[in-house]
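In what follows, a single structure is set out as structure tokens and then discussed.
The values are calculated or read from the model by the stated rules, or taken from the named source; none is laboratory data. Just so it is clear, the model here is predicted, and its values are computed rather than measured. Reconstructed Cβ throughout: ideal geometry from the backbone, glycine too, with neighbour counts over all protein chains shown.
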Amino acid sequence: MNAEPTLASTSTDPLQTGQPARQSTGKTACVVGSGFGGLALAIRLQSAGIATTIIEGRDKPGGRAYYWHKDGFTFDAGPTVITDPDCLRELWALSGHDMADDIELMPVMPFYRLSWPDGTQFDYSNDEQHLFDEIARLNPADVAGYQRFLDYSAAVYQKGYVELGHVPFLDFKSMLKAAPALAKQQAWRSVYSMVSHFIEDERLREAFSFHTLLVGGNPMKTSAIYALIHKLEKDGGVWWARGGTNRLIAAMVTHFERLGGTIRLADPVKRVHTYGKRASEVETESGWKARFDAVASNADIMHSYRDLLSGTKRGASYAKSLGRKSFSPSLFVIHFGVEGAWPGIPHHMILFGPRYKGLLEDIYDKGVLPADFSIYLHHPSVTDPSVAPEGMSSFYALVPVAHMGKLSVDWDEMGPILEKRVLDEIEKRLIPGLHDRIVTKFHYAPKDFAQDLNAHMGSAFSLEPVLTQSAWFRGHNRDDTIENFYLVGAGTHPGAGIPGVVGSAKATAGLMLEDLTR
């Protein structure tokens with residue numbers, strides 16, 4: 001696997017790589033941004049014979065899946081939870097390749113260990129009997145309730161993921177067509193409400209509703225359709241890419257280049273020029289310009305319209321509309337390396353705080369920085385020791401915080417304070433003497449999301465995934481006015497996370513190939 005993609009790389013002869021020859025269509029496409037969604041789209045286009053160029057503003061590909069090497073540690077910016085690996089394998093299979101030749105996916109077990117302040121712990125996995133035993137330990141009556149919830153999850157998985165997850169909603173008629181099935185699954189209810197319908201124990205209600213937070217959604221508001229995550233994880237498991245999420249990104253770049261694709265790094269797109277109702281040319285900060293038959297943006301949705309399409313009537317109009325929508329919260333993330341091995345701390349942990357609903361209200365509605373918090377603790381070196389020096393461990397601790405549109409604080413001042421509070425809690429609950437054991441650390445705050453990723457108000461997941469901002473109500477995979485401008489990634493259907501953004505690439509690629517080859 002290539003260590004790093006170059007500024008502008010081209011592939012070897014396809015016949016020399018063993019891949020089936022792909023006849024060029026003579027058409028060209030540009031993908032702005034190299035996050036998972038952008039790379040997945042570019043691979044699909046290049047596999048179909050569309051000469052595709054990715055333009056990435058940062059020095060490394062990956063978007064939110066950026067990474068840092070520091071003091072011998074590899075720290076992934078995220079995401080860290082990979083589900084439905086088949087959606088990734090499909091990207092290689094399109095051209096007769098095997099993803100396993102470029103990257104190894106490692107199973108994570110348990111999926112998550114959940115911990116409450118009173119010392120209660122709960123291991124969540126797809127080991128059915130073990131999971132039933134874990135539920136019974138907290139509340140025996142909820143074993144049967146969980147089985148009914150899983151049946152519900154399977155039903156919404158079939159409808160919301162298998163049937164609708166890769167379908168672009170381009171008009172309201174398509175939304176109305178899906179409405180009866182969504183209504184049958186009570187999509188208007190929240191995930192927490194639906195879980196509570198089946199589960200009695202409050203701790204178990206939290207255990208089976210927190211997943212929406214991993215895609216930016218408030219469990220108290222996010223549509224019950226997102227309960228499909230349980231079926232997704234049960235069938236496909238939870239995985240880790242050996243070497244870090246960044247190595248999966250590198251593998252995707254390797255494969256894209258193998259197919260003949262080109263990637264430009266460290267050259268942010270400045271403007272997508274239009275002529276009439278068509279995107280005509282892409283211009284970067286360096287002054288580089290090129291014309292393309294189609295342009296897709298994997299950049300933040302507000303940045304795409306307000307900035308990249310600035311000077312156009314459509315850009316200003318849709319940016320104004322986006323400004324009235326609700327965006328997901330931001331995150332505060334502490335990356336730290338620690339002396340010693342900690343085999344008793346699993347790969348993923350959720351350290352719940354003393355409040356659940358009230359804490360979510362503070363973050364999503366009130367926009368305050370509360371005194372308490374829940375922590376997502378990521379410990380990759382317990383699965384993959386290669387991400388830390390010998391005898392050391394790699395961690396990151398993440399807490400959701402309100403985005404900068406609701407929470408106005410000086411993160412240069414608040415960052416070190418919150419960092420200490422979070423590490424104090426981990427020291428108290430998990431790692432005695434943590435502060436003395438830390439050999440390196442740094443944090444990543446909402447202002448960094450805004451500056452590095454052009455994320456609107458520092459939001460970590462783009463538009464909030466509520467029912468009224470899903471499917472047709474989300475950014476459309478193909479713009480309504482500029483007929484060859486497309487979206488891919490968290491801001492469009494179906495939404496954030498893996499496999500969400502990979503699904504968006506499948507939906508958008510279908511539209512682009514139909515438009516470019518007719």
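Tabulated results
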{"read-out": "Conditions (1) over 22 Å from the mean Cα position of the chain (by Cα); (2) assigned to a helix (DSSP H, G or I); (3) under 23 Å from residue 507 (Cβ atoms): number failed by residue 282", "value": "(2)"}
{"read-out": "Selected residue (only one of 267, 307 is over 21 Å from the mean Cα position of the chain (by Cα), assigned by TED's automatic domain parsing to the domain that holds residue 74 and assigned to a loop (DSSP other than H, G, I, E, B))", "value": "267"}
{"read-out": "Test result for residue 431, touching a strand residue (DSSP E or B) at 6+ places or on another chain (Cβ under 9 Å), modelled with pLDDT of 95 or more and in a helix (DSSP H, G or I)", "value": "no"}
{"read-out": "Single residue of segment 138-177 satisfying the filter (of a type in the set (Gly, Ala, Ser) and more than 25 Å from the chain's Cα centre (by Cα)) that is farthest from residue 510 (Cα to Cα)", "value": "141"}
{"read-out": "Out of 297, 310, sole residue that is under 19 Å from residue 455 (Cβ atoms), surrounded by 24 or more Cβ atoms within 10 Å (Cβ to Cβ), small (Gly, Ala, Ser) and in contact (Cβ under 8 Å) with a residue 12 or more places away in the chain", "value": "297"}
{"read-out": "Restricting segment 480-495 to residues that are surrounded by fewer than 24 Cβ atoms within 10 Å (Cβ to Cβ) and not β-branched (Val, Ile, Thr), the residue that is nearest to residue 160 (Cα to Cα)", "value": "480"}
{"read-out": "Check on residue 167, modelled with pLDDT of 95 or more, of a type in the set (Val, Ile, Thr) and closer than 26 Å to residue 493 by Cα", "value": "no"}
{"read-out": "Within segment 433-445, considering residues that are closer than 14 Å to residue 393 by Cβ and not β-branched (Val, Ile, Thr), the one surrounded by the fewest Cβ atoms within 10 Å (Cβ to Cβ)", "value": "433"}
{"read-out": "Yes/no for residue 399 being crowded, with 16+ Cβ neighbours inside 10 Å, of a type in the set (A, V, I, L, M) and closer than 26 Å to residue 242 by Cα", "value": "yes"}
{"read-out": "Residue within segment 20-30 that is assigned by TED's automatic domain parsing to the domain that holds residue 501, at pLDDT 95 or above and under 22 Å from the mean Cα position of the chain (by Cα) present", "value": "yes"}
{"read-out": "Segment 426-482: number of residues that are at positive phi and without any contact (Cβ under 8 Å) to a residue 24 or more places away in the chain", "value": "1"}
{"read-out": "Candidates 113, 137, filtered to the one that is of a type in the set (D, E, K, R), more than 19 Å from residue 256 (Cα to Cα), surrounded by 13 or more Cβ atoms within 10 Å (Cβ to Cβ) and not assigned by TED's automatic domain parsing to the domain that holds residue 351", "value": "113"}
{"read-out": "Which listed residue is in a loop (DSSP other than H, G, I, E, B), at pLDDT 95 or above and under 23 Å from the mean Cα position of the chain (by Cα), from 57, 49, 37", "value": "57"}
{"read-out": "Of the criteria (1) surrounded by fewer than 20 Cβ atoms within 10 Å (Cβ to Cβ); (2) in contact with a Phe, Trp or Tyr (Cβ under 7 Å, 6 or more places away or on another chain); (3) among the small types (Gly, Ala, Ser), which one residue 330 fails", "value": "(1)"}
{"read-out": "Criterion (surrounded by fewer than 20 Cβ atoms within 10 Å (Cβ to Cβ), part of a helix (DSSP H, G or I) and of a type outside the set (Ser, Thr, Tyr)) met by exactly one of 406, 420", "value": "420"}
{"read-out": "Residue that is touching a strand residue (DSSP E or B) at 6+ places or on another chain (Cβ under 8 Å), more than 30 Å from residue 57 (Cα to Cα), at pLDDT 95 or above and of a type in the set (D, E, K, R), where the choices are 264, 203, 247, 271", "value": "203"}
{"read-out": "Qualifying residues in segment 361-396 (those that are among the acidic types (Asp, Glu) and either assigned to a loop (DSSP other than H, G, I, E, B) or surrounded by 23 or more Cβ atoms within 10 Å (Cβ to Cβ) (or both)) - the one farthest from the chain's Cα centre (by Cα)", "value": "390"}
{"read-out": "Test: residue 200 is over 21 Å from the mean Cα position of the chain (by Cα) and not in a strand (DSSP E or B)", "value": "yes"}
{"read-out": "One residue from 370, 343, 329 being more than 22 Å from residue 417 (Cβ to Cβ) and not small (Gly, Ala, Ser)", "value": "343"}
{"read-out": "Count - residues of segment 350-360 that are outside any loop (DSSP other than H, G, I, E, B) and touching a residue at least 40 places away in the same chain (Cβ under 8 Å)", "value": "4"}
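Conditions (1) in contact with a Ser or Thr (Cβ under 7 Å, 6 or more places away or on another chain); (2) in a strand (DSSP E or B), marked per residue:
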position	(1), (2)
89	no, no
110	yes, no
114	no, yes
129	no, no
140	no, no
143	no, no
146	no, no
150	no, no
153	no, no
